[in-house]
Amino acid sequence: MTHRLLIANRGEVAVRVARAADDLELPCVAVFAADDALSPHVEAAETAVTLGAEGPAAYLDIDAVIAAARETGCTHVHPGWGFLSERADFARACADAGLVFVGPSPAVLDRLGDKVAARALAQQLGVPVPRAVSTDGPDAARAFLTELGGPIMLKAVSGGGGRGMREVSDPALLDDAWDRCVAEAELAAGSGALYAEELVARARHVEVQLAGDGTGEVVALGDRDCSLQRRHQKILEIAPAPALSDDLRAGLEDAALRIGRELRLAGLATCEFLVDLDHPDRFVFIEANPRLQVEHTVTEEVFGCDLVVAQLRLALGAPLAEVGLTGLTPHGTAVQARVNADHIPAGATLSRFDLPADVRVDTAARARTQVNTAYDPMLAKVIATGATLPAALDILHGALTAFVIHGVETNLDALAAMAADEDVRAGRLSTDLLEGQIRGIAETAPVGDVVTVDAPLAGVVVDIAAPVGTRVPAGAPVLVVEAMKMHHEIVAPVGGEVTSVAVHPGNQLHHGDPVFTMTAGAVTATTAADDTATDLDAPRDDLAAVLDRRAGLLDDARPAAVDKRRDRGRRTARENIADLVDDGTFAEYGGLAIAAQKARRPEDDLIANTPADGIVLGTAEIDGRSAAVLSYDYTVMAGTQGYRNHQKTDRMLELAERRRLPVVLFAEGGGGRPGDTDFAELFQLTVPTFATFARLSGLVPRIGIVSGNCFAGNAALAGSCDVLIATPDASLGMGGPAMIEGGGLGRFSPAEVGP
């Protein structure tokens, strides 16, 4: 029988599985969401099938994945990690469709996918677990917290990856933490069920890798330390776990094997434990993950095996003794660092992605890859191996400093610092080591100081925890942002009163966006709790500010600029768009942008005189057909192309490419703009506008319209259009008068350059 594998995932894990399938000469099929067609994993397989929908929901659509497998003649389905990898209903749907699910049976997934059931199994087998209570609401969790007299951890019953977890030590904060956990858990796993568990305050996170063939034969492939975490998500992993006693290591392996054998494990699984640093010989079981782990690489390096090839061979029916995982002896130490995009601007593209040499790098990214904020921000995994932990960390440090990534901010510097940290090098690890280093909340500021807080990450605002007028202590949440299926709190850096909030629930945030301001003042948690009353009928200052800004964009609000335009016998950008598109259909993008010149001009001046940063653009309907419409605004710095102006244009052109929208461009303007200061680029060699516009050639019609002067970058876009419409007084030139004179070619008026 000819076998064919469908990879029900994306990104790096899809590429990893495709590589293993290729080693086995097993044909494979990739799937992709509608907004993920350019992801490199699509090219890693022989065939690729769209799932139709956009975003993570596409990869969670069981019916669509099963249909793709059947339509392409697949016999096996590999779920990777995340998404459907631990869903028993997906494994059953595969079986019902005659497909082999590469992983444990649905019964095992049922048992391990429910963390409460997994705890019960461990207890039944004599494996120690932390005290816990199942609960359907916060009251029982609050009673458990009071009974323990110490902190607890709220945890989602289903799912993983740190989603749906919150540490709580104050009963007064439990309701809010409960709501956050439920929201995250529902988003990530489709279930908001939670339980409360005793928090092992000072602990190491150690896990044991298992493999089995479904007959009861199970092998343990050593342990890994995954203590270095940020927001409960692993960031650096080590195999074998350093500084464990022989008895403790043997006890962890024995506990994991008991669980694997009881389940008659088929495929791969990982049992995860906490080692109590206050009682170093004590450990407790916390959960088991019945799938391939992100950190499987360090086990492969230490044992000299390929876990994914073995996983596929087990699914193809080979017994455990024949897949190369028995009788192995570990050698040396391996360390994996997860390179993440920390801050992702809209439409971000990796302009450079230079891999380090002489180490293993698992990635699906490359130069010119677009970074989609809807998915996991991990760009690559760097894996280094050495005879000892310090030796491996030395190699890792060199690789991280040699890794060059441009286009997004990353955690490369933080990872390099971690590799050089003395505690890490000595194996003095704990789950709170990184959080203690990065928390950094300023407790005080001079009374009366106004503090502006910018967004520390990209995401969608889901809640305003402290509305305008609320007095909060330092560290109290003001906003809640959803990013990568997790809720992140943006907290008050100082105690004081929240004086303005610039966003609303549902708003998309980008890193660095100003989100709220505070006036510093003495405040405690008690006084803050007594002072949160808000008049719900009072006009909101933040909403009024947004409405004023929007009104300021209209021609009626800029009479001097419009009159100057009229004196020259010309029309405004907004008039051109209004006459072109169907009434009420224009949806403007980026209207509140201003020129990137805050370092040299007051913000009020920029708001008044550089609305929309000189280009009005958005989507609309023209005679009932959807289109992208862009109009440079000559009343703003002569319609020149500025930094944010380019960012807006790039986003609109990418949207036109993805949605196959015709493009209409009013191109009048002066080309590249000098004087923008609020960005770090020395040379603007990473601007993708012109390449993106060229890529639309043959894909959608591009119509350029020019009346008046059109020079340099504006002329380049106009000249690239499929149809160019111009008035007799139009003047187009690749160099404007200033550039011509600067080149020593004499003085010419704009009308003389390119009529």
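The values are calculated or read from the model by the stated rules, or taken from the named source; none is laboratory data. Note that the coordinates shown come from a computational prediction; the quantities given were computed from them, not determined experimentally. Here the Cβ is made from the backbone with ideal geometry for all residues, glycine too, and neighbour counts use every protein chain on show. When the accessible area is computed, the model is the full protein with side chains, heavy atoms only, and any ligands, DNA or RNA have been set aside. Shrake-Rupley method; radii C 1.70, N 1.55, O 1.52, S 1.80 Å.
Odds and ends about this structure:
- A 1.4 Å probe over all protein chains sorts R258, R673 by accessible area into R258, R673, starting with the largest.
- Relative to the longest principal axis of the Cα atoms of the chain, the long axis of helix 138-148 makes an angle of roughly 50 degrees.
- Accessible surface, 1.4 Å probe, highest first, among residues K155, K564: K564, K155
- The angle between the Cα long axis of helix 62-71 and the longest principal axis of the Cα atoms of the chain comes to about 90 degrees, rounded to the nearest 10.
- Between the beta carbons of R601 and R202, assuming R0 = 45 Å, the FRET efficiency works out to 0.30 to the nearest 0.05.
- Per-residue SASA remark: I395, around 70 Å² accessible (1.4 Å probe; ligands, DNA and RNA not included).
- Look at where the Cα atoms of the stretch 604-679 and of the stretch 121-183 average out, and the two centres are 50 Å apart.
- S626/T677 FRET efficiency (R0 35 Å; Cβ-Cβ; nearest 0.05): 0.45
- Between D454 and E54, full extension at 0.36 nm per residue minus the direct alpha carbon distance yields a gain of 141.1 nm.
- Proximal charge balance of K564 [Cβ under 13 Å; K/R count +1, D/E count -1]: +2
- Spatial separation of Cα centroids for the stretch 378-415 and the stretch 314-368, in angstrom: 12
- Note that the stretch 291-426 shows a convex hull volume over its alpha carbon atoms of 123 Å³ per residue.
- Average accessible area per residue (Å²) across the stretch 352-395 - probe 1.4 Å, nucleic acids and ligands excluded: 45
- Rolling a 1.4 angstrom probe over the stretch 261-384 with all protein chains present gives an accessible area of which 46% lies on carbon and sulfur atoms.
- The stretch 1-126 - Debye-derived log10 I(q)/I(0), Cα point model, q = 0.13, 0.18 Å⁻¹: -0.51, -0.89
- Tail fraction, Cα-Cα pairs, the stretch 193-250, threshold 17 Å, whole percent: 55
- What the Cβ-Cβ distance of I725 and D413 gives, at R0 = 41 Å and to the nearest 0.05, is a FRET efficiency of 0.25.
- Scanning residues 5 or more positions from I622 or on other chains, those with amide H under 5 Å from its amide H are D582, A627, with H placed 1.01 Å from N in the peptide plane.
- The length gained on full extension between E71 and S245, counted as 0.36 nm times the residue separation minus their Cα-Cα distance, comes to 57.4 nm.
- Placing dummy labels 7 Å off each Cα toward the beta-carbon, the span from A367 to D582 is 4.4 nm.
- Taken over the stretch 219-375, the ratio of Cα radius of gyration to 2.2 N^0.38 Å equals 1.19.
- Under 23 Å between alpha carbons - lysine pairs in the chain that sit 8 or more apart or on different chains: 9
- Accessible solvent surface per residue of the stretch 1-134, calculated while the other protein chains remain in place, 1.4 angstrom probe, Å²: 39
- Calculated accessible area for the stretch 545-683 comes out at 48 Å² per residue, all protein chains present (probe 1.4 Å; ligands, DNA, RNA ignored).
- Of the listed residues D722, D342, the order by accessible area with a 1.4 Å probe, largest first, is D722, D342.
- Mean shadow area of the chain over all directions, Cα convex hull, nm²: 36.4
- Carbon/sulfur fraction of accessible area - the stretch 71-138, other protein chains in place, 1.4 Å, %: 49
- Space enclosed by the convex hull of the alpha-carbon atoms of the stretch 85-195, per residue, Å³: 104
- The chain: relative contact order as a whole-number percent, Cα under 8 Å and 6+ apart: 7
- A 1.4 Å probe, protein heavy atoms only, puts the accessible area of V753 near 40 Å².
- Positive minus negative residues near G427 (Lys, Arg vs Asp, Glu; Cβ under 12 Å): -1
- Extension gain, L24 back to R352 (0.36 nm per residue minus Cα-Cα distance, nm): 114.8 nm
- Hydrodynamic estimate: the Kirkwood radius of the stretch 1-44 over Cα pairs, inserted into Stokes-Einstein at 20 °C and 1.002 mPa s, corresponds to D of 203 µm²/s.
- With DNA, RNA and ligands ignored, accessible area of L24 (1.4 Å probe; Å², nearest 10): 60
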